[in-house]
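Have a look at the structure below before the remarks.
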């Protein structure tokens, strides 16, 4: 890009800040009108609640703000790239998106979208597309280079369906072809795709893998959401609970995601989860124990009550068998017996755990609802924890930018 084109893109930042979601809503409506088949690729639940539009608006704004040095966005590009490969996004999709995004900029900005601005954004988009396609090609290559790895959608069978709590059920997924699977990195997710009769569409959702890495199967642990209307979240999750049974088939893509144990884990680990956010941390905990992690492991978990506390008995057994593992649990509602058992009342609050040692060299992994992540992150930073040692996973479109 020329310096003049970069300046023109940067000049659109105030408009994107004010009208970014308006632009992305227009874009998605336009693209789905011309390419209704792409509804099978996008999460239509997040289209209903505007989370996808907001996430895209934030991404476009961040790119415009950093147009002079897009390399600073590599952590974001990596996260988006993992999500794209999990949905089997390919280079041809970038051409479609680019055509309708540029047309939407022109239609939403009207007379303000001069030919020079459209030319600048055309160059900018093509530059971003090349960066994204190149990065995603690398992720696809890594997936195929793994032992038993693959790319694209692969049929799996549900071999076991196990209730873990009143709301969360685990699904043990084995390749339908009888083959092996690539061991995931603890914390990664898989995309699961099924046909939804009420939408007359195939829909895919990402679910964290809750099992330890192995060559045989993946386990996902899914929360049943409240509400049955099409505009509510949880269309796929509820369908899995109600209609998918043992021996049924689903499609999966290979494990993806960068919310994982770091390569060098020679330090204490603190796992902080809210509700179903414990699923990727279960995989991390199992892996750390299997690796005979030599440092303390602390798990802090919060949920409404005992009935919705998934893996409660498993975690109790793990703590009993592994002296280096400590656990503190918060329930919103407590019985007298639970108070005697040492369970804390209220929402998870690290400041209410007096024995908690927030060591400077520890690694902190947070997963749960958006507000939960924000609170835990803020409290850790206030307690003096280095931001670079805090990692978090936000379910759904990424809208948090805390680091």
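Just a few scattered comments:
- Number of positions in segment 299-337 that are part of a helix (DSSP H, G or I) and either under 27 Å from the mean Cα position of the chain (by Cα) or under 17 Å from residue 286 (Cα atoms) (or both): 13
- Restricted to segment 147-195, and to residues there that are surrounded by fewer than 18 Cβ atoms within 10 Å (Cβ to Cβ) and at positive phi, the residue that is nearest to the chain's Cα centre (by Cα) is 152.
- Residue within segment 227-236 that is part of a helix (DSSP H, G or I), surrounded by fewer than 18 Cβ atoms within 10 Å (Cβ to Cβ) and out of contact with any helix residue (DSSP H, G or I) (no Cβ under 8 Å at 6 or more places or on another chain) present: no
- Within segment 170-191, the set of residues being out of contact with any helix residue (DSSP H, G or I) (no Cβ under 6 Å at 6 or more places or on another chain) and under 28 Å from residue 269 (Cα atoms) comprises 170, 171, 172, 181, 182, 183, 184, 185, 188, 189, 190.
- Residue within segment 280-288 that is more than 18 Å from residue 353 (Cβ to Cβ) and surrounded by fewer than 21 Cβ atoms within 10 Å (Cβ to Cβ) present: yes
- Boolean, residue 333 is in the same structural domain as residue 385 (by TED's automatic domain parsing), free of Cβ contacts under 8 Å to residues at least 40 places away in the same chain and more than 24 Å from residue 222 (Cα to Cα): no
- Qualifying residue in segment 127-139 (condition: in a loop (DSSP other than H, G, I, E, B) and touching a helix residue (DSSP H, G or I) at 6+ places or on another chain (Cβ under 7 Å)): no
- Test set (1) in a loop (DSSP other than H, G, I, E, B); (2) surrounded by 13 or more Cβ atoms within 10 Å (Cβ to Cβ); (3) at pLDDT below 95 - residue 348 fails condition number: (3)
- Evaluation of residue 32 against (1) part of a helix (DSSP H, G or I); (2) modelled with pLDDT of 90 or more; (3) buried (at least 17 other Cβ atoms within 10 Å of the Cβ) (one fails), failing number: (3)
The values are calculated or read from the model by the stated rules, or taken from the named source; none is laboratory data. What you see is a predicted model; the values in this text were computed from it and never measured. Neighbour counts run over all protein chains shown; Cβ positions are idealised from the backbone, glycine included.
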